[in-house]
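Read through the structure below, which is laid out as structure tokens, and then see the notes.
Read-outs throughout are calculated quantities, based only on the coordinates presented, and are distinct from any laboratory measurement. Everything numeric in this text was worked out from a predicted model, so none of it was measured. All Cβ positions, glycine included, derive from the backbone under ideal geometry; neighbour counts span all protein chains shown.
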Amino acid sequence: MKKRVGIFVSGGGSNMRALVEDMVDDHPARPAVVVSNNETAGGIAWARSQSIATEVIDHRPFGEDRAAFESAINSALAPYALDIICLAGFMRVLTAGFVTPWQGRMLNIHPSLLPKYKGLHTHARALEAGDTDHGCSVHLVTPVLDDGPILGQARIPVDPEDTPDSLAARVLAKEHILYPAVLRRFAAGDTTPITL
Ligand code: GRF
């Protein structure tokens, strides 16, 4: 039985696309649904164009009530009987109430070499720190933001001419290789960290 994967996106969804395009043939998983808090997310349009089921749960009507937002997500997810959730540029913080039941089955990609630069603006922070290398990490999600056991990292050298945008573009290209490589192994039961 193929593992059923839900992918959460808020924006363009290029990582989601890389994951979906890898989940073919003998891959141990298949995309079951793409979830977004944003109806206009480019990732949602692309998923629909591929006839992948989508669920949009706008966070705004819930205001500060994260528990109610997350309960709506859980209700929307129930029919899909997911085995794995991949966060792929999902820009809402999920609370322990949502994360804990999924712990060990939910992955995230973050554009830094964790534990460095949790949170936002990772590329600018790496440049400000004068780092000579930078990269991205895939990790298991725990209730602590951008924390949790690392399943894989990809590293790139920082060029003296780099700007946050140029660095982001090179890291993103690595994300598209790292995340599918990690998911393929994870879905087969292998959680040994990989380094690219
Ligand atoms: C990626 O850089 C990812 O690491 C971060 O958000 C960005 C999402 O890009 N969490 P995309 O929507 O996958 O193109």
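Here are the numbers for this structure:
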{"item": "Taking ARG17, ARG4, ARG48 and counting other C-beta atoms within 10 Å, the order from fewest to most", "result": "ARG48, ARG4, ARG17"}
{"item": "Förster-model FRET efficiency, 25 Å R0, THR40 and ALA81, C-beta, rounded to 0.05", "result": "0.35"}
{"item": "Helix runs (DSSP H) in the chain reaching 15 Å along axis by Cα, Kyte-Doolittle at least 0.0", "result": "66-77, 164-187"}
{"item": "Within region 1-155: Cβ-based charge dipole about Cα centre, in debye rounded to nearest 20 (Lys, Arg +1; Asp, Glu -1)", "result": "140"}
{"item": "Positive-end residue, region 30-86 charge dipole about Cα centroid, Cβ charges, pick of VAL35, ILE52, ALA68", "result": "ILE52"}
{"item": "In region 1-86, the GluC sites (Glu not before Pro) that fall in loop regions by DSSP, at most 11 other Cβ within 10 Å", "result": "GLU39, GLU64"}
{"item": "Region 9-77-region 113-135 distance, computed between alpha-carbon centres (Å)", "result": "27"}
{"item": "Cα gyration tensor category, rounded, prolate or oblate, for region 99-156 with a/c compared to 1.5", "result": "prolate"}
{"item": "Within region 87-195, GluC sites (Glu not before Pro) in DSSP loop having at most 15 other beta-carbon neighbours inside 10 Å", "result": "GLU161"}
{"item": "Efficiency of FRET from Cβ geometry, ASP165 and VAL24, R₀ 41 Å, rounded to 0.05", "result": "0.80"}
{"item": "Total charge dipole magnitude, region 91-159, about the Cα centre, Cβ charges on Lys, Arg, Asp, Glu only, Debye to nearest 20", "result": "260"}
{"item": "For the chain, calculated [θ]222 nm from helices alone, where every DSSP H run of n ≥ 4 adds -39500 (n - 2.57)", "result": "-10500 deg cm²/dmol"}
{"item": "ILE7, ILE177, ILE109 arranged by Cβ crowding within 10 Å, fewest neighbours leading", "result": "ILE177, ILE109, ILE7"}
{"item": "Relative contact order %, the chain, counting alpha carbon pairs below 8 Å whose residues are six or more apart", "result": "20"}
{"item": "Cα gyration tensor shape of region 8-131, rounded if a/c is under 1.5, else prolate or oblate by comparing a/b with b/c", "result": "oblate"}
